[in-house]
Each structure stands twice: as structure tokens, then as C-alpha cells.
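Accompanying notes for the structure given below.
The values are calculated or read from the model by the stated rules, or taken from the named source; none is laboratory data. No experiment lies behind these values; they were computed from the predicted model shown. Reconstructed Cβ throughout: ideal geometry from the backbone, glycine too, with neighbour counts over all protein chains shown. With ligands, DNA and RNA removed, areas are computed over all heavy atoms of the protein, side chains included. Shrake-Rupley method; radii C 1.70, N 1.55, O 1.52, S 1.80 Å.
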Amino acid sequence: MTELSEIEKLLETAAKGRASAPRLKDGVLSVVLDVTGLSPMQREVLEAGIRGQMKSLQDIRDVRIAMTAEKKAVRLIAVGSGKGGVGKSTVAANLAIALKRLGQKVGLVDADIYGPSQPRLLSSEGVKPTAEDNKLVPVPNAYGVPMLSMGQLVKPGQAIAWRGPMAGNALGQLIDAQWGDIDLLIVDLPPGTGDVQLSMMQKHKPAGVIIVSTPQDLALIDATRAVHLFEQADIPMIGLIENMAGYACPHCGEVSDPFGTGGAEAAAKSMGMAFLGRIPLDIAIRQASDAGQPPAASDGAEGVPFMAIAEKLARWVENSRPR
């Protein structure tokens, strides 16, 4: 007769630590399996493996498996800006990759419905997501950050002319996807303070928001508006990033400030926000981004500012977790 201890030993290996204490009665083995974070395909593979192992044992004529799953709380970090053209999408992509390198289980949502650029930044243009159980399955990439974008669902170059409710529904499909074991989503918002931002705040309340701005006054005025929008919705402000801050001449090394300097840091101080850091105006960052090779994925000098900001963000995420 098969000993229960033998069953438990085999089950521990077959179920990868996800099974509760088994019960064996009249040749029927009952197992409760925790499948939290597994996709439908992964659940099927796990169940088949358990059944195969258990049915090979003496005295077991049937295996009954009950699956349970806790709804995993995926935390959203929104990356926004008051206006376009400040490099927000480049910052979002590189922060996601840097967080991955720091050990975070992170995904990326390109919520810039009308101007999606993450497929280019992560070198996944033309790759369409699949679906399981009526939910999208994020597209993998070479950088280990699964991503979903409207740019993967429409034809290249096709204009998206949707009213607010349609854009809000699209955002919901991107966020409520099959993210597996991901517990942190970086959400690249459209610039400004429109319908997508309102849907984000009302239906998918982020854990925190980062605002990206260039140093000049006009950009900072718009960034301040974006900050106030999220503050009115009681969304925690993680901090402000100053992008395109300083240009080093490749010939003489002299640093100039075509967009000014220190404006974002001063704005953060005046609003009582954290200043997360500066990212220089560097042609190498632009070239790498256009080529789908985010600087944060390498150990080059161009990736250093993104890693430094990601370390601050990772600390914020850890300190803000419910205790």
C-alpha cells in the first residue's frame, strides 16, 4: 500500500511547492493546488504533470485536483508629463529595464494610445500579442520586460482616432492582461491631462506617479499642471525627473544647457516633491533608443542615470508596500 509520506514527497516535486496536504481515501487522491500567477497553459502543464506522477503509484485510481488562486495585486507606477516631446517614453522604457536588472518583476504598458512608441524602443515592432481566456498576453522581448502597447494591435503608421471611452477601454485591456508573476507595472501615459489619465486614476489607481520634464520654463509649467491633476486624485507623487539636462560637446567636452538647467529640481522643491535625478541630452541615448537598444540594458555610461533613478524608485516601492 502506498504510504502518504511517499505521495507527499512526489507531490512536492511535481507540484513545485504549490500543493496542500493531500488526502487519500478509497483510492481517490484529493489535492488542492495554488495556481496564483500562472497562465492557463502553465496550469494545464502543472496539472498534467501531477496526474502523471500520482497515477503511477500503487492504489491510486483517480486524482482530483482543485485549483485556487489569489488575485495578485499588481502595483502600477505611472510615468507622465505635462507636454509631449520631453522624452517620457524613453524614460519609462529605461526605468522598466533598470528595475528588471535590479531584481524587480516588472512589466510595461504603453498607455500612450494615440502615439505608441514602446514597440520601437523595445525592438518588438510587428509582434502581436496573443490572448488567453479573453485577456491579452504581453509580448516578450530581449530585455525581460513583457510589454503591451496599442502599437502592437494596429497597423504600422495607422492613426488612432478614438473618443475618450474607447481609449479608456483600450487602457483597461492593456492593464488587465495575463501578466503572470509580474507585480510591478510601469505605465507610460500620454502627455498632458486628458481622458486616459482620468481613466487611469478612476479605474486603475496607480501606487505612485513620476513626472518627466525638460528644464525650460514652458515644460515646467505644463509639468506642474500634471502634478496638480494627480494630487487632486490623491495619487502619491514619487518625484520629478529632469530630462535633456545638459549637452556635452563630443569634440571639446564643454557642457552647455540648451534647455536651461536646474528648473525641474527647483520645481520639485517648490512643490514639496522628491527630485529623482537628471538625464543628459545625449545623442548616444537617442541613437540607442531609435535602434531599439535601451541604454539601461547595458553597462555603458548612457545607462548610468537611468539605473540611479531606478534605484530610488525601487526604494520608494519597497518603502510604500503595505506592512
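In the set (1) surrounded by 17 or more Cβ atoms within 10 Å (Cβ to Cβ); (2) at pLDDT 90 or above; (3) not hydroxyl-bearing (S, T, Y), F259 fails one condition alone, (2). The combined condition, being open to solvent by 70 Å² or more (accessible area, probe 1.4 Å) and in contact with a strand residue (DSSP E or B) (Cβ under 9 Å, 6 or more places away or on another chain), is fulfilled by D59. Going through (1) over 22 Å from the mean Cα position of the chain (by Cα); (2) closer than 27 Å to A131 by Cα; (3) surrounded by fewer than 17 Cβ atoms within 10 Å (Cβ to Cβ) one by one, P40 falls short only on (1). Looking at A207, A245, A264, A268, just one residue is open to solvent by less than 50 Å² (accessible area, probe 1.4 Å), aliphatic (A, V, I, L, M), modelled with pLDDT of 90 or more and under 26 Å from I97 (Cα atoms), and that residue is A207. Take the residues in segment 222-242 that are in contact (Cβ under 8 Å) with a residue 60 or more places away in the chain and open to solvent by 30 Å² or more (accessible area, probe 1.4 Å), then tell me which one is nearest to A284 (Cα to Cα). Restricting to residues being in contact (Cβ under 8 Å) with a residue 60 or more places away in the chain and open to solvent by 30 Å² or more (accessible area, probe 1.4 Å), the top hit is D222.
Under the condition of being within 17 Å of the chain's Cα centre (by Cα) and open to solvent by 70 Å² or more (accessible area, probe 1.4 Å), which residue from segment 127-153 is farthest from G103 (Cα to Cα)? Steps first, please.
Pass one, segment 127-153, residues within 17 Å of the chain's Cα centre (by Cα): 129, 135-152.
Among the residues that remain, those that are also open to solvent by 70 Å² or more (accessible area, probe 1.4 Å) are: 135, 140, 142.
Working: K135: 26, P140: 17, A142: 16 Å.
My answer is K135.
When E265 is tested against (1) out of contact with any Leu (no Cβ under 7 Å at 6 or more places or on another chain); (2) touching a residue at least 40 places away in the same chain (Cβ under 8 Å), just one condition goes unmet, and that condition is (2). All of (1) under 26 Å from G192 (Cβ atoms); (2) of a type in the set (S, T, Y); (3) at pLDDT 85 or above hold for S298 with one exception: (1).
Being among the hydroxyl-bearing types (S, T, Y) and in contact with a Pro (Cβ under 7 Å, 6 or more places away or on another chain): is that true of S20 here? Walk me through how you get there before you give the answer.
Working: among the hydroxyl-bearing types (S, T, Y): yes; in contact with a Pro (Cβ under 7 Å, 6 or more places away or on another chain): no.
No: the conditions fail for S20.
Could you go through segment 249-256 and let me know if any residue there is small (G, A, S) and either under 30 Å from V74 (Cβ atoms) or modelled with pLDDT of 90 or more (or both).
Filtering segment 249-256 down to residues small (G, A, S) leaves 253, 256.
Now restrict to residues that are either under 30 Å from V74 (Cβ atoms) or modelled with pLDDT of 90 or more (or both): none.
The answer is no, given that none of the residues of segment 249-256 is small (G, A, S) and either under 30 Å from V74 (Cβ atoms) or modelled with pLDDT of 90 or more (or both).
Looking only at residues that are acidic (D, E) and either touching a Gly at 6+ places or on another chain (Cβ under 6 Å) or closer than 23 Å to V255 by Cα (or both) in segment 279-323, which one is surrounded by the fewest Cβ atoms within 10 Å (Cβ to Cβ)? Please lay out each step first, then the result.
Initial filter on segment 279-323 (acidic (D, E)): 282, 290, 299, 302, 311, 318.
Filter again for either touching a Gly at 6+ places or on another chain (Cβ under 6 Å) or closer than 23 Å to V255 by Cα (or both), leaving 282, 299, 302.
Details: D282: 18, D299: 11, E302: 22.
Here the residue is D299.
When S270, S256, S320 are checked against the criterion of being in contact with a strand residue (DSSP E or B) (Cβ under 8 Å, 6 or more places away or on another chain), farther than 20 Å from I186 by Cα and among the hydroxyl-bearing types (S, T, Y), a single residue qualifies: S256. Would you confirm whether any residue within segment 154-164 is surrounded by fewer than 14 Cβ atoms within 10 Å (Cβ to Cβ), outside any loop (DSSP other than H, G, I, E, B) and at pLDDT below 90? Yes, the conditions are met somewhere in segment 154-164.
How many of the residues in segment 210-221 are over 23 Å from the mean Cα position of the chain (by Cα) and either closer than 22 Å to E318 by Cβ or surrounded by 19 or more Cβ atoms within 10 Å (Cβ to Cβ) (or both)?
Narrowing segment 210-221 to residues over 23 Å from the mean Cα position of the chain (by Cα): 214-221.
Pick out the ones that are also either closer than 22 Å to E318 by Cβ or surrounded by 19 or more Cβ atoms within 10 Å (Cβ to Cβ) (or both) and you get 214-215, 219-220.
Result for segment 210-221: 4.
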